[in-house]
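What follows is a short report on a single structure.
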Amino acid sequence: MILEGLGNTLLITLFAAIIGIALGFIIAAVRTTHDLRKEELTKKKGLGSFLLKFFNGVCKLYLTIFRGTPIVVQLLILYFIILTSVVNALAVAIVGFGLNSAAYVAEIFRSGIMSIDRGQNEAGRSLGLNYFQTMIFIILPQAIKNVLPALLNEFIALLKETSVVGYIAGTDLTRAAMKIQTATYEPFFPYISIAVIYLVIVIILTKLVGIVERRLRKSEH
């Protein structure tokens with residue numbers, strides 16, 4: 001049961017991270033495009049500027065909701081209200097954690113993009129690149145390099161947050177330990193075991209973050 005719970009925990013973390021990166025990147029792209037072109041949008045009154053303002057408002061509302069409510073509440077709403085037709089609790093958990101992670105990943109990406117000097121954008125435009133080409137080939141590679149440690153730390157936090165999957169009857173590490181404790185009336189072994197497993201995984205991931213940070217510092221020198 002511990003091994004099954006560990007597998008489910010890693011599965012949820014992996015796929016939720018993929019959803020978080022994909023959706024978070026899209027949200028960050030919309031938000032930063034709006035912020036960087038705010039002055040230009042105030043002068044233009046076309047359909048493109050209206051759509052950008054609209055989607056920026058949607059993204060801000062999304063971030064407010066998912067960053068302002070507990071992940072447990074979000075999972076309960078998804079499982080018992082929105083995705084009632086989905087029987088698999090792990091699938092709901094992946095969607096729930098992915099949506100929640102996207103809100104934090106979006107802000108990480110956004111801060112990384114906004115930290116790049118505006119001169120980089122102007123340099124790309126002077127080379128004949130349009131806004132999106134400049135963003136893809138010049139701004140984003142630098143931004144991703146800057147936010148990579150923060151992104152890895154977000155995934156460590158995501159791994160630990162999956163311990164609440166039991167609220168929607170998903171069998172993760174914590175839920176497996178609770179089942180063992182209920183069956184054996186012995187809390188020491190299951191709970192200490194999962195604590196050690198979480199600790200070992202987090203230590204390994206933290207070491208990975210440290211290695212990445214050191215390599216990034218070397219490449220800067």
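The values are calculated or read from the model by the stated rules, or taken from the named source; none is laboratory data. Just so we're clear, the structure is a prediction, and the values are computed from it rather than from any experiment. Here Cβ is always computed from backbone atoms with ideal geometry, including for glycine, and neighbour counts include all displayed protein chains. These area figures cover heavy atoms from the full protein model, side chains too; ligands, DNA and RNA do not enter into them. Shrake-Rupley method; radii C 1.70, N 1.55, O 1.52, S 1.80 Å.
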What is the calculated FRET efficiency for R217 to V72, with r their C-beta to C-beta distance and R₀ = 35 Å, to the nearest 0.05?
-> 0.40
Provide the packing ranking of 106-118, 72-84, i.e. peptides ordered by the mean count of other C-beta atoms within 10 Å per residue, highest first.
-> 106-118, 72-84
Computed about the Cα centre, the charge dipole of the chain from +1 Lys/Arg and -1 Asp/Glu charges at the Cβ has a magnitude in debye, to the nearest 20, of 740
Among chymotrypsin sites (Phe, Trp or Tyr not before Pro) in the stretch 163-208, those in a DSSP loop whose Cβ has at most 11 other Cβ atoms within 10 Å are Y185
Round to the nearest 10 and give me the degree value, 0 to 90, for the angle of helix 188-220's Cα axis relative to the longest principal axis of the chain.
-> 20
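Let me know the charge dipole size of the stretch 18-88 about its Cα centre in debye, to the nearest 20, where only the beta-carbon of Lys, Arg (+1) and Asp, Glu (-1) is charged. Please list the in-between numbers first.
On the way: 9 positive and 3 negative charges, 68 e Å.
The dipole of the stretch 18-88 has a size of about 320 debye.
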If you take the charge dipole of the stretch 81-156 about its Cα centre, with +1 on Lys and Arg Cβ and -1 on Asp and Glu Cβ, which of S101, A91, G112 is farthest toward its positive end?
-> G112
Which one of P190, I211, I77 has its Cα pushed farthest toward the positive end of the charge dipole of the stretch 65-221, where Lys and Arg give +1 and Asp and Glu give -1 at the Cβ?
-> I211
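Set the Förster distance to 30 Å, then compute FRET efficiency between I82 and Q120 from the Cβ-Cβ distance, nearest 0.05. If you can, show how the numbers build up before the last one.
Details: r = 41 Å, r/R0 = 1.37.
With a Förster radius of 30 Å, E is 0.15.
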Simple spin-label estimate for V200 and A22 in nanometres, 7 Å along Cα-Cβ = 3.2
Mind jotting down the distance between the C-alpha centroids of the stretch 157-214 and the stretch 72-100, whole Å?
-> 20
Flagged as over-length at 29 Å C-alpha distance, from K38/K145; K38/K207; K45/K145; K60/K179, the pairs are K38/K207; K45/K145; K60/K179
Taking the convex hull of the Cα atoms, report for the stretch 1-152 its projected area averaged over all directions, in nm².
-> 11.3
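Calculate, for S111 and I2, the FRET efficiency according to 1/(1 + (r/R0)^6) with r their C-beta to C-beta distance and R0 45 Å; round to the nearest 0.05. Don't skip to the end; give the middle numbers.
Details: r = 38 Å, r/R0 = 0.84.
Calculated transfer efficiency: 0.75.
Using a 1.4 angstrom probe, figure out how much accessible area the stretch 105-182 has per residue, in square angstrom, rounded to the nearest whole. Mind dumping the intermediate values first?
Details: 3720 Å² over 78 residues.
Here the per-residue accessible area is 48 Å².
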If you plug each phi of the stretch 31-38 into the Karplus form 6.51 cos²θ - 1.76 cosθ + 1.60 with θ = phi - 60°, what whole-Hz ³J(HN,Hα) values come out, in order, with x for Gly and Pro?
-> 5, 6, 4, 5, 5, 6, 10, 4
